[in-house]
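*Asks:* Next up is a structure, given as structure tokens.
Derivation of every value follows stated rules applied to the coordinates shown; laboratory data play no part. Source: prediction; values computed, not measured. Positions of Cβ are generated from backbone atoms using ideal geometry, with glycine treated the same way; all protein chains shown enter the neighbour counts.
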Amino acid sequence: MIYATGDTHGEFNRFTKANFPERVGMTKEDCVLICGDFGGVWDGGKQDRWNLDWLEDLPFTVLFVSGNHENIDLLEQYPVEEWRGGKVQRIRPHVLHLCRGQVFELEGRTFFTMGGASSHDATDGILEPDAPDYRSQLKWMRWHNARFRVNHISWWARELPGPEEYEEARRNLERVGHRVNFVITHCAPTSVQNLLGGEYVPDALTDFLEEVRRTTRFDHWLFGHYHDNRNLDDGFVLLWEQMVRIR
Ligand SMILES: [Fe+2]
């Protein structure tokens, strides 16, 4: 069995037995896939360890692609290994980060994964903790309820893929003849994002995903990021707290 859900942001209540009764009878061979903003690798502290141990104790394997709310500095410290045809980072024995630009085969179906997104909730700026006036800037931002983030503490430039990740993605899609069963991302292609409205602006990643939308055949494209549950045209499925079974 494979289930998918949207952003968890370090809050995993949806996986309790009460909220997810379908988990009864599942084994570590079964997977639940989080479409980015996993948030379980956040500050490397006690809460992270507790959450990750709790996820490891679940009866299924937890898979996630990256979102824009992941501590990329910490995530990059985990070694990369091969798993079911693509690259993963093993955060716990059964909690795996599915790297960007990979194609996996799970239960006879192929999955193209491309995590990442732009933080749209930092419109008032990104603070540099090394700046001499950091403390006063922080105070000002908090006082004005500003929408800001702090570099390497709550924001990472690597929330968007680098050129080598786009190249790897193109190579892997080429290898499978531009045909997969599922595409799993955090943000949507530019044209789909535009349909959703709101404050989201196109960027290099949404434009790349637009290229994938044009060049690759897929049955369903599951994504998160926009905090809503919606079925769109052409197989696009926006997930937030909803859990859907993939068949
Ligand atoms: Fe997000």
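*Asks:* Helix-derived [θ] at 222 nm for the chain: sum -39500 (n - 2.57) over DSSP H runs of at least 4, divide by residue count, nearest 500? Mind showing how you got there, number by number?
*Replies:* Working: 6 runs with 57 residues, N = 247.
Result for the chain: -6500 deg cm²/dmol, rounded to the nearest 500.
*Asks:* Per Stokes-Einstein, at 4 °C and 1.567 mPa s, what whole-number D in µm² s⁻¹ belongs to the stretch 1-105, with the Kirkwood radius over Cα pairs as the hydrodynamic radius? Can you show the working numbers first?
*Replies:* On the way: Rh = 13.8 Å.
Answer, rounded: 94 µm²/s.
*Asks:* Which of 244, 201 comes first, and how do the rest follow, when ranked by fewest Cβ neighbours within 10 Å? Let's see the in-between values first.
*Replies:* Values: 244 17, 201 11.
Going from least to most buried by this count: 201, 244.
*Asks:* If Rh is defined by the Kirkwood formula over all Cα pairs and Rg also comes from Cα, what ratio Rg/Rh do you get for the stretch 1-58? Intermediate results must be reported in sequence, preceding the final value.
*Replies:* Working: Rg = 11.5 Å, Rh = 12.1 Å.
Rg divided by Rh gives 0.96.
*Asks:* Starting with the fewest neighbours, write out 100, 90, 23, 245 ranked by other beta-carbon atoms found within 10 Å of each beta-carbon. Show your work: numbers first, answer last.
*Replies:* Details: 100 24, 90 14, 23 18, 245 9.
If I rank by nearby Cβ atoms, fewest first, I get 245, 90, 23, 100.
*Asks:* For the stretch 54-99, take every pair of Cα atoms, bin their distances at 5 Å starting from 0, and report each bin as a whole percent.
*Replies:* Pair shares across the bins are 5, 21, 31, 25, 15, 2.
*Asks:* Still on this model: Tell me the Kirkwood hydrodynamic radius of the stretch 76-162 in angstroms, computed as one over the mean inverse distance between distinct C-alpha pairs.
*Replies:* 15.6 Å
*Asks:* Just the number, please: Stokes-Einstein D of the chain in µm²/s, Kirkwood Rh from C-alpha pairs, 37 °C, 0.692 mPa s. Numbers along the way, then the final one.
*Replies:* Details: Rh = 18.5 Å.
The estimated diffusion coefficient comes to 177 µm²/s.
*Asks:* OK, next. Compute the relative contact order of the stretch 10-162 as a whole-number percentage, counting only Cα pairs closer than 8 Å that sit 6 or more residues apart in sequence.
*Replies:* Working: 261 pairs, mean separation 31.2, N = 153.
About 20 percent, as a whole number.
*Asks:* Between 140, 156, 176, whose Cα lies farthest towards the positive end of the dipole of the stretch 138-184 when Lys and Arg beta carbons carry +1 and Asp and Glu beta carbons carry -1, centred on the Cα centre?
*Replies:* 140
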